[in-house]
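Participant: There's a structure below that I have some questions on.
The values are calculated or read from the model by the stated rules, or taken from the named source; none is laboratory data. Computed from a prediction, not measured in an experiment: that's the story for all the values here. Here the Cβ positions follow ideal geometry from the backbone for every residue, glycine too, while neighbour counts run over all protein chains shown.
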Amino acid sequence: MKRRLSQRLDGWLFALAILLGVAALGYLSTRYDHSYDWTYGGRASLPPESRAVLATLQGPVEIVSYANPQGDLRQTISGFIQRFQRVKPDINLRFVDPQQDPAAMREQGITVDGALILHYQGREQRLDELDERSLTNALERLARGGERIVAFVTGDGERRADGKANADLGTFIAQLEGRGMRAVPLNFAQVTGVPEHTNLVVLASPSLALPSAEVKALVDYVNNGGNLLWLTEPSNDDLGLSPLAEALGVRVLPGVLVDGQGAALGLKDPRILALGDYPAQAITRGFVLSTVFPQVSALAKISNANWGAAPFLRSGAQSWTEFKPIDNAQDSTIRYDPDAGELKGPLDFGFALSRISPSPDKAEQRAVVIGDGDFLSNSFLGNGGNRALGERIFDWLLGDDALVNLPPRGAPDRLLQLSQAQLNAVSIGFLLGLPLILLVAGTWIAWRRRRA
């Protein structure tokens, strides 16, 4: 009898322990939230780029959502913001009913139900789209501390910042503008100098000789502490830019860089350089993506004690400066000719320059000179890490060092790459293999039933 009572008591105690455990788990689940993402590449979680942007925000971020309380919109917004709050808990979200104060909504320009206004350290950004990319860009603009003015020199055949042609930079610049930069034209036929409050001047591959007054304006801008990006191209003519090159302490070498290793990488044109590793510099630190540069000019650093120059783009050991015109991309007669004065690689074609700024408004002045502008053009921007490298260059030039090492956005599970042999195997499997397996299985089942 005692044994039965003891067994029953043990059973009741065990059941009570299970109930207490379930209740404890239920209580803890209301206090603590944790999620796991088992998708390939972590696609269901915040990507590394968004996490890196959140890491640059020192201090709380307040998000105000002007969403109607009716319907499920507030719940959708709250669930979306929670993905960011898991990484940065001091993101605070509050809702405002837009119907309570229509005049205030009109004053703030709120026209979309659910519009967000982000506040951070006295700055704000408005967001009308509820997606990860738009919110990350808005947070990055807050981290940048204000809009950056980037002036593009125009009027001498330069690549257009808003152009749609293959050689223009429109696609790349549109992406930069989403990250807090504003591109403006700079035509020295209309102004005598670089306007104040310009954060960066870009000279993108001019095809015509620049007037001396225009070159002087650029040299004066550099001498006064302005940041500059100069994209040059292979040419026997310096287009009147020798004073600018001298002010920067660089020299554009004659000829076009060709790479004897390109055929092994599947490149049919020897003028196309493919890079997979880079000299150590702040722009390329931790950068592992491959980049492609068509028709490159080699650069050399000349003696100039004013600038500290660090190469960050360098050709391979099998490259050289080819002086012979290359009309046919598969010209087999192209050979390295040291007697003609051609230089053997590795050769630098990208320099990052810095020095103590002559301007009292900032501590450091920066410039970048690259012997190619095609890698950021609409035609080649999508090759490998070209876009990511371009963003790093602009961030470094603008002094946004915390944003230079942002990882590039990618979704590796969206693209299925199959060789022809793999595609044939999949096709045969579905068209022949699967029906054959079903036929064999059906025959075996029917045979078993007949024997039963």
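Participant: Hey, among the residues in region 354-387 that are crowded, with 23+ Cβ neighbours inside 10 Å and either of a type in the set (A, V, I, L, M) or outside the structural domain of Ala165 (by TED's automatic domain parsing) (or both), which one's nearest to the chain's Cα centre (by Cα)?
Facilitator: Among them, the one singled out is Leu376.
Participant: Can you tell me which residue among Pro338, Pro412, Pro407 is at pLDDT below 90, within 30 Å of Thr171 (Cβ to Cβ) and exposed (fewer than 12 other Cβ atoms within 10 Å of the Cβ)? Working first, answer last.
Facilitator: On the way: Pro338 fails: within 30 Å of Thr171 (Cβ to Cβ); Pro407 fails: exposed (fewer than 12 other Cβ atoms within 10 Å of the Cβ).
Only one candidate qualifies: Pro412.
Participant: I'd like to check something: does region 163-182 contain any residue that is in a strand (DSSP E or B), at pLDDT below 95 and surrounded by fewer than 22 Cβ atoms within 10 Å (Cβ to Cβ)? Even if it seems obvious, please write down each step before you answer.
Facilitator: Quick first cut of region 163-182, residues in a strand (DSSP E or B) only: 181-182.
Next cut, at pLDDT below 95 only: 181-182.
Among the residues that remain, those that are also surrounded by fewer than 22 Cβ atoms within 10 Å (Cβ to Cβ) are: 182.
Yes, region 163-182 has at least one match.
Participant: Would you mention how many residues in region 76-95 are surrounded by 15 or more Cβ atoms within 10 Å (Cβ to Cβ) and part of a loop (DSSP other than H, G, I, E, B)?
Facilitator: 1
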